[in-house]
Amino acid sequence: PSPLSDTDGYVLVTGGLGFIGSHTVVELMKEGHNVVIVDDLSNSASDVFDRILKTAHLHFARTGKRCPKVHFRNMNYRDVPAMRNLLDSVSLPGLQNERRSRFIGVIHFAAYKAVEESIRQPMRYYHNNVVGLLDFLALLDEYSVRTFIFSSSATVYGSLADGSKLLREEHCVHENGLYVDVDGNTKLSEPGYAGITSPYGRTKYFGEAILSDIARSDPRWRILALRYFNPVGCDVEGFLGEDPKGDPSNLLPVVVKVMTGQLSELSVYGDDWNTPDGTAVRDFIHVTDLAKGHTAALNAAQTRQIPAGFRTFNLGTGCGNSVTEVVKAMEGVSKVIIPSKIVSRRDGDVQSSVAAADRAKNELGWTTEKNLHDACRDTYNYLRLRTII
Ligand code: WQD
């Protein structure tokens, strides 16, 4: 692997060849950051690194500016000796037993994220997503790398999401088990189990709780947990897309399989919800907007715009769209009919999950710029460029 320079600063991105990770690496580079990607390719492929380079080089050819450096290390973030070697390579002796690292911050995407799989394989999920996180944080602390952006999820709102109101960060059960429900009533609940319906969701909740406790114990940590709503779409250049390994369960990848003939029709999980058209409502956020939410979070942490400690941020549009509206939007941009049939609801689904997005706007200076139509258009563009359709 290409040696790291002995002077530059880098952002360390674990899981950086994944769907959201790769788009975030591109946006980090556009903002001038050098990046080191650690990815074990368990849910990605090494050619994504080439596609990141293609997308970045296209951008910098247009701007004429120097393209930052990006390195890929094919390794598991839980491989402590390998991670120690990597951290050593950018570590400098500091004052007292502190060290100075040229890793200016970490964006941690590496985690398993398939809800149904997590129900079948909880131990594997808790080892990778929670035990791995703990060991990783201990290593980062040893090397004084304490700016940490955590990939979290709206799934931590659990059944609180069933109201039709916007989900606010304080709605999530934390610390003392207090939470504000969607009608604004403060309620007591056993911490963390406000209806989170999968081991995957609990690994995100436990991850947030661990990070919150670490930040409270040591003010040198600056930790932002970003709660993603429903990421869709892909980079407008069409080199990066969502290529999940195995059978997808998320709506857009399933719709894509119907469009490309790999599935005969879309099963719509219920049209008996209390929503305008009866199908469930979600906050579909363009993955490029989501990626920019990470660069905004890193910059806010670096410039100390965010006080030391732990803080959660919703990354969503604040607007809800139903399953039917998604299908119609994709049909509109592609002129491809997407056959679908109504089936019974899926276990664990909630009626509506839409972000209150004001905290990220006010504190990170970040808002979404793209909409569902853009996401469908960019997805279709990706499919055509890769002649999948
Ligand atoms: C969206 C809507 C389905 C597929 C999940 C995870 C969450 C996060 C994002 C990681 C729902 C409906 C879907 C299909 C359908 N992942 N649907 N037919 O469930 O909101 O969130 O992905 O952090 O943790 O829970 O996303 O895309 O699976 O479903 O009708 O074939 O589309 O019922 O209403 P979801 P989704």
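The values are calculated or read from the model by the stated rules, or taken from the named source; none is laboratory data. Just so you know, these numbers come straight off a predicted model, no measurement behind them. We place every Cβ from the backbone using ideal geometry, glycine too, and count neighbours over all the protein chains shown. These area figures cover heavy atoms from the full protein model, side chains too; ligands, DNA and RNA do not enter into them. Shrake-Rupley method; radii C 1.70, N 1.55, O 1.52, S 1.80 Å.
What are the equivalent ellipsoid semi-axes of the chain, built from the alpha-carbon gyration tensor (square roots of five times its eigenvalues), in whole angstrom, biggest first?
Three semi-axes, in Å: 32, 26, 18.
With a 10 Å radius around each residue's Cβ, average the other Cβ atoms per peptide and rank 86-94, 306-314, 374-382, highest first.
374-382, 306-314, 86-94
Before anything else, pin down the relative contact order of the stretch 194-335: Cα pairs under 8 Å, at least 6 apart, normalised by residue count, whole percent.
35 percent
What net charge is computed for the residues neighbouring Phe284, neighbours being all others with C-beta under 11 Å from the C-beta of Phe284, Lys and Arg scored +1, Asp and Glu -1?
On the way: positive: Arg282, Lys370; negative: Asp283, Asp289, Glu325, Asp374.
So the environment of Phe284 carries a net charge of -2.
If you roll a 1.4 angstrom probe over the protein chains with everything in place, what fraction of the accessible area of the chain belongs to carbon and sulfur, to the nearest %?
Here carbon and sulfur together make up 51 percent of the probe-accessible area.
What does the net charge come to around Tyr125 if you take all other residues with beta carbon closer than 11 Å to its beta carbon, with K and R at +1 and D and E at -1?
Neighbourhood net charge equals +4.
Could you do me a favour and compute the accessible area per residue for the chain, 1.4 Å probe, result in Å²? Kindly include the intermediate steps, with their values, before the conclusion.
Working: 16570 Å² over 389 residues.
On a per-residue basis, the chain sits at 43 Å².
The stretch 84-126 to the stretch 217-282: how many Å between their Cα centroids?
About 25 Å separates the Cα centre of the stretch 84-126 from the one of the stretch 217-282.
With a 10 Å radius around each residue's Cβ, average the other Cβ atoms per peptide and rank 224-236, 42-54, highest first.
Peptide ranking by packing, descending: 224-236, 42-54.
With springs only between Cα atoms under 10 Å apart, run a GNM on the chain and tell me which of Val336, Val326, Val350 wobbles the most.
Sorting by GNM fluctuation, first place goes to Val336.
Count the net charge of all other residues whose Cβ sits under 14 Å from the Cβ of Arg304, scoring Lys and Arg as +1 and Asp and Glu as -1. Before the final figure, lay out the partial values.
On the way: positive: Arg146, Arg220, Arg222, Arg311; negative: Glu363.
Its environment carries a net charge of +3.
If exposed GluC sites (Glu not before Pro) are those in a DSSP loop with at most 14 other Cβ within 10 Å, what is the longest stretch of the chain that has none?
So the longest stretch without any such site is 266-368.
Using +1 on the beta carbon of Lys and Arg, -1 on that of Asp and Glu, and nothing else charged, what's the dipole of the chain about the Cα centre, debye to 20?
860 debye
Take the Cα of Ile337, step 7 Å along the line toward its Cβ, and report every residue of the stretch 263-280 whose backbone nitrogen sits under 14 Å from that point.
Those under the cut-off are 265-266.
When only C-alpha pairs under 8 Å and at least 6 residues apart count, what is the relative contact order of the chain, in percent?
18 percent
Among Leu17, Val38, Met75, pick out the residue whose Cα is farthest towards the positive end of the charge dipole of the stretch 1-90, where Lys and Arg carry +1 and Asp and Glu carry -1 on C-beta, about the Cα centre.
Result: Leu17.
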